[in-house]
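Just so you know, all these numbers are worked out from the coordinates, no wet-lab data involved. Here the structure is a predicted model, which means the values were calculated and not measured. When we count neighbours, we look across all protein chains shown, and the Cβ atoms used for this are built from the backbone with ideal geometry, even at glycine.
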Amino acid sequence: MAMTVTYNEESRQALFHRNNNMMMANKSMMRLSSGQKINSAGDAPSMFAVSEKMRERIRSLDQDELNVQNGSSMLTTAEGGVNHIVDVLHSMKTLAINSANDTNSDDERQVLQREYENHLKTINNVVFNTKFNGRILLDGRYDRPVSHSPANAANIVDSFRAGENATEITNPGTKTITNFGTFDLDKSFNGSNFSVKLDFSAMTADGSSYPDALHGKGFAILCSGCNQFINVVFDANKNVYQSTYNASPTTLNSEAREYVIGVKNVTDKSELPTAIFNGVAASMDKTESSFIIDKHDLGMKRDGNDIYFTKRDNLEMQFTNAIIETDTEPLTVENRETSALWIQDGTLAGQRIETYIKSFQTKDLKGEIFNDADIATLNSITDSTERAEYRKLLTKADNMTLDDVSLATREGSQVAIRVIDGALDYALDEQATLGTYINRLNYVDENIMTKSENLQHTDSSIRDTDIAKEMTKFARYNLLTQSAQFILAQANQLPGMALNLLRPESTSIA
């Protein structure tokens, strides 16, 4: 190998290895001091990006966990208010049972009524003071929204057909009713002691489903021999046992009648004939399979699964596809706009839990009357007078809220007991619903914690330093750096050896 003074290859190689070893030792030192093997995107671009996404999701999950815990606290606050309202309702029922007993005088019942009224104020006070972060929770603003499609059933009586001894009249024409005008007749039948079968197979309900499509709709029965007409109106908010009979729906026609049939449980038009029969029977406290419902011996009959209108005279039975307007308030579609309480439990938009809390104001604390238990009790009463009295009690209770009842009389106290029972059913059902929300949030919280822990473990495997392994690397590169430093010093002396060759030999003359 040539010996030069202008170029030192050995020194350059020693310097290169020394710098490289020092750089690796510095990296190991940084990883050891930070505890992370990836400190910047330059260390491992793809893994750095994966880790950053994981860290973003971990931070989001931590906030989700806090959201769920705060949501659980909010619902627990609501549950506490409901618990107190339930306790007050129990006290109110005790007062009603006490007042129903004839050992109380009228004055004592008045005292019980005043105590009852104070309980009403207590409930409303709880409602408007049960708050979380300024939000009133129990006043109904977070109840489920109610939206019904407009009623649009049509061709209601088009499939009615002649039954026993009846003849269907072709092109029945029109019928004029004094003070009400002229109506196109859709169906008309005649005969002697005849019947008309109810059949709704031609009825349409475009764009809506049962029972909503039936709400407020119905048909009218007209008499060919007088001004009488009978409206049959469908109410989708009531069940069949809540059906009512109005003997005076208008002051313009003393012979007009109106039956409002509860069709809440009707899910198909094939169920409608039976619902009408049961509704008319319930409104008139009838238990027979055949009975008279109005003048001219107009009646109804059940024959197996078939339902008929019956008539015993020779007057035509006429039908229209729409009810005739009377003085009664038309049935309206209930729409209630409210909003849910959102609990964001996910890392993406739209990942939320929607919770609803009903209104606990005394005007809204109303349970279902004529429920299965009421109907079973009603059907078990064999005495017609007692049955009628019990149905009258249920009807009164059905039209009352906690604000309406009075303990001032024995009869009022009996109604109050049923109204308070309904309010208790309402409150206990919502109490259970709040409990299910809280349990769900507890499970969600546990799931979020598990997801966060798993992500942190994965991120740690990507980003965190293996201390033992990295210490081994540091020791290695530190030793190599010292070795390269020593070799560099030796290599730097090689040009000096070349200079020694240029130095002249000292000579002497003898």
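Some observations on this one:
- Backbone amide hydrogens, once placed in the peptide plane, bring Arg161 within less than 5 Å of Lys197, Asp199, excluding anything fewer than 5 places away on its chain.
- Spacing of the modelled spin labels on Ser384 and His90, each 7 Å from Cα toward Cβ, amounts to 4.4 nm.
- Comparing Ser384, Gly191, Ile58 along the charge dipole axis of the chain, the residue lying farthest to the positive side is Ile58, per the Cβ-charge model.
- Computed over region 385-438, the range of Cα coordinates on each principal axis works out to 47, 24, 15 Å, biggest value leading.
- One chain, two ends: Ser105 and Arg312. Fully extended at 0.36 nm per residue, the span grows by 69.2 nm beyond their Cα-Cα distance.
- Relative intensity, log₁₀ I(q)/I(0), of region 1-121 from a Debye sum that treats every alpha carbon as a point, q = 0.10, 0.11, 0.13, 0.19 Å⁻¹: -0.69, -0.74, -0.83, -1.06
- Arranged from fewest to most other beta-carbon atoms within 10 Å of their beta carbon, Val240, Val111 become Val111, Val240.
- Approximate spin-label separation Gln63-Glu271, in nm, with each point projected 7 Å along Cα-to-Cβ: 4.7
- Computed from label points 7 Å out along Cα-Cβ, the spacing between Asn454 and Asn442 is 2.3 nm.
- Ascending count of other beta-carbon atoms within 10 Å, so fewest first, for Asp43, Asp206: Asp206, Asp43
- Taking trypsin sites (Lys or Arg not before Pro) across region 335-380, the ones in a DSSP loop with at most 16 further Cβ atoms lying within 10 angstrom of their Cβ are Lys363.
- Range of Cα positions in region 127-237 per principal axis (Å), largest first: 73, 32, 24
- The three principal axes of the C-alpha atoms in the chain carry coordinate ranges of 175, 67, 39 Å, sorted with the longest axis first.
- Region 420-493 and region 69-116: distance between their alpha carbon centers, rounded to Å: 51
- Estimated vicinal HN-Hα couplings, Hz - region 132-143 in sequence order (Karplus 6.51, -1.76, 1.60; Gly, Pro = x): 9, 6, x, 7, 7, 9, 10, 9, x, 5, 10, 6
- Kirkwood hydrodynamic radius of region 81-190, Cα pairs, Å: 20.7
- For Asp464, distant residues with modelled amide H under 5 Å away: Lys37
- With helices as the sole contributors, the chain gives -16000 deg cm²/dmol at 222 nm; each DSSP H run of n ≥ 4 counts as -39500 (n - 2.57), and the sum is divided by every residue.
- Taking amide H positions as modeled 1.01 Å from N, with prolines and chain starts lacking one, the residues under 5 Å from Phe219 and 5 or more places away or on another chain are Val232.
- Local net charge near Glu389, Cβ-Cβ under 14 Å (Lys/Arg +1, Asp/Glu -1): +1
- Normalised size of region 223-376, defined as Cα radius of gyration per 2.2 N^0.38 Å with N residues, equals 1.41.
- Cα long-axis angle, helix 384-398 against the chain (0 to 90 degrees, to the nearest 10): 40
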